[in-house]
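The values are calculated or read from the model by the stated rules, or taken from the named source; none is laboratory data. Since this is a predicted model, take the numbers as computed values, not measurements. All Cβ positions, glycine included, derive from the backbone under ideal geometry; neighbour counts span all protein chains shown.
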Amino acid sequence: MSLGTRFIWIAIGLVLGTAFAIWQVFDRVATGVVEQWGTRVAEVQVRYDSARLLQPLEREIALAHQMADSPVIQDLARAPDDEALDAAAKAEMERFRRNFGANNYFVALLDNGAYYFNDAEDEFGEQPLRYHLSPEDPDDAWFYRLVEQGRDFHLNVNPDSELGVIKLWIDVLMRDPASNEILGIVGTGMELETMLAETVAVDQPGITTIFVDHSGAIQLYRDRDLIDYASLVKPEGQKSHLKRLVSDAESRERVGQLLDQAQASAGNVHTAFVTVDGQRHLMGVAWLPRIGWYEVTLLDLDVIMPVSRFVPLLIIVLIALVISILLLHVAVRRLLLQPISALEAAMQALKNGRYVRGDLPAASGEMARLVRHFSDMANTIQAHTRELEDRVEARTAELNRLARVDSLTELPNRRGMQEALDQARERAEREGRRLSLLWIDVDEFKQINDDRGHDTGDVALRQVASCLQEELRGYDVAGRWGGDEFLVMLYPSTEERMASVAERLRERVASRVSVGGQPVTISVGGYCAEGTEPLSQILARADRALYRAKEAGRNRVQMHTVGG
């Protein structure tokens, strides 16, 4: 065998041996980078999908709680046969229907099983009482199960055989404020198809979004046949559980562990690899305590970022290696081995989240193209990650704002006002000052709505809110407490300032707000409290003063004094 032949075989052996070694390193590093990137993508995707679901639900849930707190509907629940209460309650239900995003509502009364419902087409506006629930009817088991469990809030996908609809139902218990007894259940239903399109229809190959309830039963999933309808009344063994999607016992055990870990640390995303249809997937799970569901994301990394995409790059490396072996050893080290080492370091840096463009080696020729491809890939990954994080942050900020602002008046809503009151009371206690609370009610507001319609009533509420904002100091707070009631918090304050502000507000509204040429007036109840008093007592005393103002003939100010 000639020396030339030996050299060729030695060169071939070196190429094959070196190529095998490079492939092992390259495959390990590339796989590690993809898995590390997949974990980050899973975390961001879970938070993004959670925000997409919570954004439409937050407002509907808040409205359902307001509906459950409605005194008019509670009065009907206590005396369902009273025709006068029935008419007033139907009008109240209709007002909430127009405010719900899906423009429908349901009210189920525990006393006689009456079930009221009206849809977005106002199909049952004349007769919203659709039927009566029965403990013996299996289709009504959901109602009695929720009452039995006593959970104030529940979310489930359920078909209504009587109404012929399938919706994502928001169920809120209606309780008597005095005795805390359950009076019934109220809520609204969101179209299932709409929710699926807006939450789980992710237009990205390799990404699957699923929402499951606290027991792991599937509630929102692109395959409607696997959705666990009416899961509330099913035994655990009959539910369409998340574990059905995985292929083996080890994956099912990992799914159970992920659900337990997520619920134990709400707000965190937990990930693990599972097998789905024989393919390895990365599963990310987060617990959403505000709705009692899990958000689950499945990533098929072989589809999103397959390692096979690196093969052309590896071929370039091998070509460069063959050429380099025919040259001097110094040229091999300078032109190939050193750049490969630096590229591996950049991959490791990307895997560990420390990659910067300066990590890439300076190179030319084939290695320059390899570096450029990797740079483009790394920059794409980082840009995609930043984009998802920015979108989650923006949506989270918007959700926080919407949850605390009344959409009609742009004033703080009940939740926002509650937080402001809590902060002011704590500050008053800390600084040893007094704060004042004015409880304001629009006089004869129901008559305005009945005579001139809810749109006119809404205009009046916005005008009253505008008067409050114009009259108050920049550090005083006015909020819509609910319906036609407003709260004004003055801090710091004295009884004299409270009385002066209250009278100015009353006069300003009476002179500036009118409906059909008739002035709109307000009644004001006020209380100047010490910072050490509990907030519930401050609210109760201001409310008592308001009651006396309305009893005394409305359009007046009444202050509560201790012992008075």
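Got a sec? Which of Gly453, Gly457, Gly416, Gly479 is farther than 24 Å from Asp543 by Cβ and small (Gly, Ala, Ser)? I'd like the intermediate steps shown before the answer.
On the way: Gly457 fails: farther than 24 Å from Asp543 by Cβ; Gly416 fails: farther than 24 Å from Asp543 by Cβ; Gly479 fails: farther than 24 Å from Asp543 by Cβ.
Of Gly453, Gly457, Gly416, Gly479, the one residue that is farther than 24 Å from Asp543 by Cβ and small (Gly, Ala, Ser) is Gly453.
Given the structure, is Gln423 in contact with a helix residue (DSSP H, G or I) (Cβ under 9 Å, 6 or more places away or on another chain), among the polar types (S, T, N, Q), farther than 20 Å from Met67 by Cα and in the same structural domain as Tyr547 (by TED's automatic domain parsing)? Please lay out each step first, then the result.
Working: in contact with a helix residue (DSSP H, G or I) (Cβ under 9 Å, 6 or more places away or on another chain): no; among the polar types (S, T, N, Q): yes; farther than 20 Å from Met67 by Cα: yes; in the same structural domain as Tyr547 (by TED's automatic domain parsing): yes.
No, not satisfied.
Hand me the list of strands (runs of 3 or more DSSP E) wholly inside segment 103-186 holding 3 or more residues that are assigned by TED's automatic domain parsing to the domain that holds Leu76 and at pLDDT below 90.
Working: elements: 105-109, 114-118, 129-132, 153-160, 165-175.
The strands (runs of 3 or more DSSP E) meeting that bar are 153-160, 165-175.
Is there a residue being closer than 19 Å to Ile448 by Cα, over 36 Å from the mean Cα position of the chain (by Cα) and among the aliphatic types (A, V, I, L, M) anywhere in segment 535-552?
There is no residue in segment 535-552 that is closer than 19 Å to Ile448 by Cα, over 36 Å from the mean Cα position of the chain (by Cα) and among the aliphatic types (A, V, I, L, M).
Does segment 219-235 include one or more residues that are in contact with a Ser or Thr (Cβ under 6 Å, 6 or more places away or on another chain), in contact (Cβ under 8 Å) with a residue 12 or more places away in the chain, among the basic types (Lys, Arg) and not in a strand (DSSP E or B)?
no
Could you identify the single residue in Asp122, Asp139, Asp152, Asp111 that is among the acidic types (Asp, Glu), touching a strand residue (DSSP E or B) at 6+ places or on another chain (Cβ under 7 Å) and over 18 Å from Thr194 (Cα atoms)?
Working: Asp122 fails: touching a strand residue (DSSP E or B) at 6+ places or on another chain (Cβ under 7 Å); Asp139 fails: touching a strand residue (DSSP E or B) at 6+ places or on another chain (Cβ under 7 Å); Asp111 fails: touching a strand residue (DSSP E or B) at 6+ places or on another chain (Cβ under 7 Å).
Checking each option against the conditions leaves just Asp152.
Polar (S, T, N, Q), surrounded by 23 or more Cβ atoms within 10 Å (Cβ to Cβ) and either at positive phi or touching a residue at least 24 places away in the same chain (Cβ under 8 Å) (or both) - does that describe any residue in segment 528-548?
First, pick out the residues of segment 528-548 that are polar (S, T, N, Q): 532, 536-537.
After this cut, where a residue has to be surrounded by 23 or more Cβ atoms within 10 Å (Cβ to Cβ) as well, the list is none.
No, segment 528-548 has no match at all.
If Gln518 satisfies all but one of (1) in contact (Cβ under 8 Å) with a residue 12 or more places away in the chain; (2) surrounded by fewer than 16 Cβ atoms within 10 Å (Cβ to Cβ), what's the number of the condition it fails?
Of (1) in contact (Cβ under 8 Å) with a residue 12 or more places away in the chain; (2) surrounded by fewer than 16 Cβ atoms within 10 Å (Cβ to Cβ), only one is false for Gln518: (1).
Considering only residues that are over 21 Å from Gln45 (Cα atoms) and in contact with a Leu (Cβ under 8 Å, 6 or more places away or on another chain), which ones fall in segment 228-269?
Leu232, Ser240, Arg244
Within segment 264-287, is even one residue over 16 Å from Ile210 (Cβ atoms) and part of a helix (DSSP H, G or I)?
Scanning segment 264-287 turns up at least one residue that is over 16 Å from Ile210 (Cβ atoms) and part of a helix (DSSP H, G or I).
Of the conditions (1) buried (at least 16 other Cβ atoms within 10 Å of the Cβ); (2) within 30 Å of Asp122 (Cα to Cα), Thr208 clears all except one; give me its number.
Unmet condition: (2).
Return the residues of segment 180-209 that are without any contact (Cβ under 8 Å) to a residue 12 or more places away in the chain and under 15 Å from Ala68 (Cα atoms); say none if nothing qualifies.
Those that are without any contact (Cβ under 8 Å) to a residue 12 or more places away in the chain and under 15 Å from Ala68 (Cα atoms): Asn180, Glu181.
Which one of these does Asp140 not meet: (1) under 22 Å from Ala266 (Cβ atoms); (2) surrounded by 13 or more Cβ atoms within 10 Å (Cβ to Cβ)?
Going through (1) under 22 Å from Ala266 (Cβ atoms); (2) surrounded by 13 or more Cβ atoms within 10 Å (Cβ to Cβ) one by one, Asp140 breaks only (1).
Residues of segment 261-296 being among the hydroxyl-bearing types (Ser, Thr, Tyr) and either in contact with a Phe, Trp or Tyr (Cβ under 9 Å, 6 or more places away or on another chain) or modelled with pLDDT under 90 (or both), which ones? I'd like the intermediate steps shown before the answer.
In the first step, residues of segment 261-296 are kept if they are among the hydroxyl-bearing types (Ser, Thr, Tyr); the result is 265, 271, 275, 294.
Result: Ser265, Tyr294.
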